[in-house]
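The values are calculated or read from the model by the stated rules, or taken from the named source; none is laboratory data. Just so it is clear, the model here is predicted, and its values are computed rather than measured. All Cβ positions, even for glycine, are placed from backbone atoms using ideal geometry, and neighbour counts span all protein chains on display. In case anyone asks, the SASA skips ligands and DNA or RNA and just uses the protein heavy atoms, side chains included. Shrake-Rupley method; radii C 1.70, N 1.55, O 1.52, S 1.80 Å.
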Amino acid sequence: MNCCISGEVPEEPVVSKKSGLLYEKRLIERHIADYGKCPITGEPLTSDDIVPIKTGKIVKPRPVQAASIPGMLGMFQNEWDGLMLSNFALEQQLHTARQELSHALYQHDAACRVIARLKKERDEARSLLAQAERQFPVSTPNTMTVNAVATSNGKRAAEDDEQAPGGKKLHTGITSAIIDELTECNASLSQQRKKRQIPATLAPVEALEGYTQISSHPFHKTSKPGIVSMDILCSKDLIATGGLDTNAVIFDRPSGQILSTLSGHSKKVTSVKFVAQGDQFITGSADKTVRLWQSSDDGNYICRHVLKDHTAEVQAVTVHATNSYFVTASLDNSWCFYEVSSGTCLNQVSDSSGSSGGYTSAAFHPDGLILGTGTAEALVKIWDVKSQANVARFDGHVGAVTAISFSENGYFLATAAHDGVKLWDLRKLKNFRTFAPYDPETPTNSVEFDHSGSYLAVAGSDVRIYQVANVKSEWNCIKTFPDLSGTGKATCVKFGEDAKYIAVGSMDRNLRIFGLPSEEGPTES
């Protein structure tokens, strides 16, 4: 008798009380445990319904093929043949899978190239559309107004392009109404500064001494790594970076998410600046252009103007305290004063001193009536914004002036160059302290006062934080952050609100956030 499940002679035979069918004990028990019914009749069945059958010792009959050596060899040959056939089938399947994978990878690569080309065509179309919108504006009552407004990406339409005798474009200039606006802003801010006190929420020295890296965010492309510019909008805790990969990235630090990636420049983005509450954004690039971006409802930024007044790399962008005007500085040895709302260049100021190196950095004084610029020839020039006259110049640096930062107290100016950092007293127009934190072969790339004027950050082969003192007292280095990028080059540094964190950009494309571990946000994005 054979088991109704396996069809073989059972070793422990049992019989069902209900159906009288014979089973192997271990097989029927497992089936009952899984299904609770008879595998043949489908009737409900339990272990109590099974009765074991007592038999003598069962010896399984040997197959006929295994009864002799030739039979066993035949069995082995059949098994080997089956194994070879199975192996051949597997090899066929592997070959087919490889072909399908190769085809899929080829299709993916082709799709990526098509997408890249479409993105490029889209950006070009947007640029052309912006030019068309600026070249053909809505008509106004008089022709002069039309000519003044009909600017396209920083260029006037050919038929309306008025030029001076030297072939240079004519600009409307900074009008008396604008000067009154700047003067009123200056008076208001100066009055507020006299009453201003260091906020109680400012991070103390003891906290900065305990700062360590709390997050790192790889924003830009690996093909062209490197962050060369940065800005922070403290009111919304947004961080913007400009990279060698021609893109600018706007990052929400609390959530650790990238809000928008701004593409359009053809060379590295040398300067980025938020305007007001971040509704507008400005980027300057080595492609000689400046772009004005407008935030949209979906959180992205749309390029509204492409300004092409400069003839060489744009090195710096700085926004006036009114948030209505901004200045760009270029290696073409000029700086331009723009209106934010229209993107119109009101005036372009060229250096008449015979200098040929061009401007490498620029920053507005906190009160807005003074502009500081650094040159490629190691000079620092101070300008009166109202008259656009060069009222002072500081020398003594070695190499191009890479960064300029005014202190919130209105008295101190910090400048960085190849030889380190110099501090200037604007009341006496003289240098009162010099830091040379690095070896002669290592330039200082960035210098920045915090918003309260209590701390000064310096970036080069590492990042150092100094406690701000007065002219006579020593400025102590309270914290040094080592270079974690492996490139030996920290390119930019900024303080967060109340110096609760410090953001550092470097040449490995990573934005690093330093702060107290308790302030830690997302570690990667």
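Annotations for the structure displayed:
- Neighbours by Cβ (under 8 Å, 6+ apart or cross-chain): first from region 404-418, free of Cβ contacts under 8 Å to residues at least 24 places away in the same chain; second assigned to a strand (DSSP E or B): 411/425
- Of all the listed residues (263, 235), the sole one being over 25 Å from residue 345 (Cβ atoms) and either open to solvent by 10 Å² or more (accessible area, probe 1.4 Å) or free of Cβ contacts under 8 Å to residues at least 24 places away in the same chain (or both) is 235.
- Test: residue in region 482-504 that is of a type in the set (Val, Ile, Thr) and either more than 21 Å from residue 402 (Cα to Cα) or over 29 Å from the mean Cα position of the chain (by Cα) (or both): no
- Of all residues making up region 294-318, the number that are surrounded by 22 or more Cβ atoms within 10 Å (Cβ to Cβ), of a type outside the set (S, T, N, Q) and part of a strand (DSSP E or B): 7
- When every residue of region 243-256 is checked against the conditions, none turns out to be among the polar types (S, T, N, Q) and assigned to a strand (DSSP E or B).
- Exactly one residue out of 384, 395 is over 21 Å from residue 315 (Cβ atoms) and either more than 33 Å from the chain's Cα centre (by Cα) or open to solvent by less than 10 Å² (accessible area, probe 1.4 Å) (or both): that is 384.
- Residue within region 32-55 that is among the hydroxyl-bearing types (Ser, Thr, Tyr), open to solvent by 40 Å² or more (accessible area, probe 1.4 Å), touching a strand residue (DSSP E or B) at 6+ places or on another chain (Cβ under 7 Å) and touching a residue at least 24 places away in the same chain (Cβ under 8 Å) present: yes
- Single residue of 422, 386, 430, 381 found to be in contact with a helix residue (DSSP H, G or I) (Cβ under 7 Å, 6 or more places away or on another chain) and modelled with pLDDT of 90 or more: 386
- Condition check for residue 104: closer than 30 Å to residue 263 by Cα and among the aliphatic types (A, V, I, L, M): yes
- Criterion: open to solvent by less than 20 Å² (accessible area, probe 1.4 Å) and under 24 Å from residue 193 (Cβ atoms) - qualifying residue of 417, 457, 469, 490: 457
- When residue 206 is tested against (1) within 14 Å of the chain's Cα centre (by Cα); (2) open to solvent by 60 Å² or more (accessible area, probe 1.4 Å), only condition (1) is not met.
- You will find that of 200, 177, 248, 187, the residue that is hydrophobic (A, V, I, L, M, F, W, C) and open to solvent by less than 40 Å² (accessible area, probe 1.4 Å) is 248 and no other.
- Residue 433 vs. criteria of a type in the set (Lys, Arg) and open to solvent by 40 Å² or more (accessible area, probe 1.4 Å): no
- Qualifying position, being out of contact with any helix residue (DSSP H, G or I) (no Cβ under 6 Å at 6 or more places or on another chain), free of Cβ contacts under 8 Å to residues at least 12 places away in the same chain and among the small types (Gly, Ala, Ser), among 352, 330, 342, 334: 352
- Test for residue 327: is it crowded, with 19+ Cβ neighbours inside 10 Å and in contact with a Ser or Thr (Cβ under 6 Å, 6 or more places away or on another chain): yes
- Residue, most open to solvent (accessible area, probe 1.4 Å), within region 266-283, restricted to residues that are more than 22 Å from residue 313 (Cβ to Cβ) and in a loop (DSSP other than H, G, I, E, B): 277
- Total residues in region 70-118, condition polar (S, T, N, Q) and open to solvent by 100 Å² or more (accessible area, probe 1.4 Å): 4
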